[in-house]
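Before any comments, here is the structure.
The numbers here are math on the coordinates, done by the rules we state, and not lab data. The structure presented is a predicted model; accordingly, all values stated were derived computationally and were not measured. For neighbour counting, all protein chains shown are included, and Cβ atoms are generated from backbone atoms with ideal geometry for every residue, glycine included.
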Amino acid sequence: MLKRSPLLLSFLLLFFALFLNGCSGIVKEQKSTPKLLKTENAALSDLVNEVNRFARVGSMRAKMDLKFEDNSFAESGIAEKYKSADGEVVVQRPANILLKVQVPIIKSDVAQMTSDGTGFRVAILQDGGDGRYKKFVIGTNNADYSLLQEQVKKTDLDNGKVIKQNVNAFSNLRPQHFTDAMLVRPIDTENYAYLTTTVLQEEVDFDALKKKSPLGWVLRGYYLLEEMKKEADGTLKISRRFWFDRVGGIRLARQQIFDEKGEIESDIIYGSEGSLGSNGDYNNLPLRITVTRPKEKYKMGLTYQTPENVSIGKKYPEKAFILENTWGLEEVKLDEKLQEVKSKKSLTDNSNSATKTQ
């Protein structure tokens, strides 16, 4: 029999000890994964009925808390938040809206704005400064004013430094941005095709985190209902996308509206549900709505101050949605300004082209 040296035995014991410890570490290692929440099933007809239930609201008048967030510097990871303001909103189908923004406590108007579905008017009554931004702005709902915004960034200088375009947080709002959020358009199978799919999304459950529960990271299931516009050449173009939360029932949680290029125009989040009005006819409707406008780089949260006092179903005259310049503010007609900028740009481009060919 061969004799094992004490040195060899020590080495083997050390090796097995390290090996077993390593295996023990592997076995005991736990990886945190999101909890998969139980989902409910629904048919396409159920999703359509839920959208149309929201669309029952034909008109509304409500006092709301407004929370504005300026995302102009979102590319740098910075968002500038503003304190809440009081708001009064009147909306009526098909696309009429009146929005008044007030300073809390003293109830002084910061801005008033209306849209009749075709054009909009915005009266900026306070700008938080010397008054240079107090204007009466007139524009067209479907116009693209991005060229004007670029011009403002290039020319609006103060002591060599660029002035923030949104000196008054609310001056960049457009009333029509909120009509589709509050007055959801019904399903239209004659002019649109509809496709439903499902998706799982990782989310943070803030209620669980508040309770110090380890289940704050979850996988939540959604139904997606996509509305596709039928083009003349037979192709389909996305118009809207609805997100339905499948946990604990079926709830319309989100609406995304797309422009002609397929880019997101509005991203609308519907918060927890409750009853609006005092007669019990409008239950399970969102008590908070958050509208994000990526192009205009802002987010607005709208929360009903007293849901039971919301008035639904009243008919308002059309003139209520056409704001008049009773303050004598300087008027800015955006369509005329846009045409001026386009003309100057065209002359500059032609001049540059001629210079290159010489």
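Tabulated results
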| item | result |
| --- | --- |
| Projected label distance in nm at residue 200 and residue 41, using a 7 Å step from Cα toward the beta-carbon | 1.8 nm |
| Cα-centre dipole for the range 219-278 with unit charges at Cβ (Lys and Arg positive, Asp and Glu negative), debye to 20 | 280 debye |
| Where labels lie 7 Å past Cα in the beta-carbon direction, separation of residue 63 and residue 230 in nm | 4.8 nm |
| Among the listed pairs 100/319; 295/315; 295/342; 100/315; 63/315; 299/344, those beyond 22 Å (Cα-Cα) | 295/315; 299/344 |
| Point-to-point label distance, residue 329-residue 345, nm (Cα→Cβ direction, 7 Å offset) | 2.5 nm |
| Size of electric dipole in the range 195-312: Cβ of Lys, Arg +1 and of Asp, Glu -1, about Cα centre, debye, nearest 20 | 300 debye |
